[in-house]
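Some notes on the structure that comes next.
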Amino acid sequence: QVQLVESGGGLVQAGGSLRLSCVASGSIFSINTMGWYRQAPGKQRELVAVITSGGRTNYVDSVKGRFTISRDNGKNTVYLQMDSLKTEDTAVYYCNANGRRYYNDYSRDYWGQGTKVTVSS
């Protein structure tokens, strides 16, 4: 199996910064995209940012210019640098990885347990 473990969440004041990290471990042959999703109370989970193995990135409009996603392929790790945080960024942030466990495996999604980010006014 593949396990994803997030870290870096916490409480921060509006305008502050946080850096989330997510490490993938276990039986990994290859990882295609890695990304971050978030779910605020009473809302659906939404994509925040995604990065391909080649480094191409995509962001939801609400975080463009404030958040930066990056990854270290050698460490199977993805990061989310969050700057200029707003109260509306408060949510549980989930790491996602799409990959294969062995050569002829199907690509499938794996999820972390989530890390809570709270932005106070």
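Conditions tested, residue by residue: (1) in contact with a strand residue (DSSP E or B) (Cβ under 8 Å, 6 or more places away or on another chain); (2) in a loop (DSSP other than H, G, I, E, B); (3) surrounded by fewer than 15 Cβ atoms within 10 Å (Cβ to Cβ); (4) modelled with pLDDT of 95 or more.
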residue: Arg19; (1), (2), (3), (4): yes, no, yes, yes
residue: Cys22; (1), (2), (3), (4): yes, no, no, yes
residue: Ile28; (1), (2), (3), (4): yes, yes, no, no
residue: Val48; (1), (2), (3), (4): yes, no, no, yes
residue: Ser62; (1), (2), (3), (4): no, no, yes, yes
residue: Leu80; (1), (2), (3), (4): yes, no, no, yes
Q. Can you name the residue in segment 52-103 that is touching a residue at least 12 places away in the same chain (Cβ under 8 Å) and acidic (Asp, Glu) and is also farthest from Thr33 (Cα to Cα) among such residues?
A. Glu88
Q. Regarding Tyr93, is this residue assigned to a strand (DSSP E or B), aromatic (Phe, Trp, Tyr) and open to solvent by less than 20 Å² (accessible area, probe 1.4 Å)?
A. yes
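The values are calculated or read from the model by the stated rules, or taken from the named source; none is laboratory data. What you see is a predicted model; the values in this text were computed from it and never measured. Using ideal geometry, Cβ is built from the backbone for each residue, glycine included, and neighbour counts are taken over all protein chains shown. Areas reflect the complete protein model, heavy atoms only, side chains present, ligands, DNA and RNA absent. Shrake-Rupley method; radii C 1.70, N 1.55, O 1.52, S 1.80 Å.
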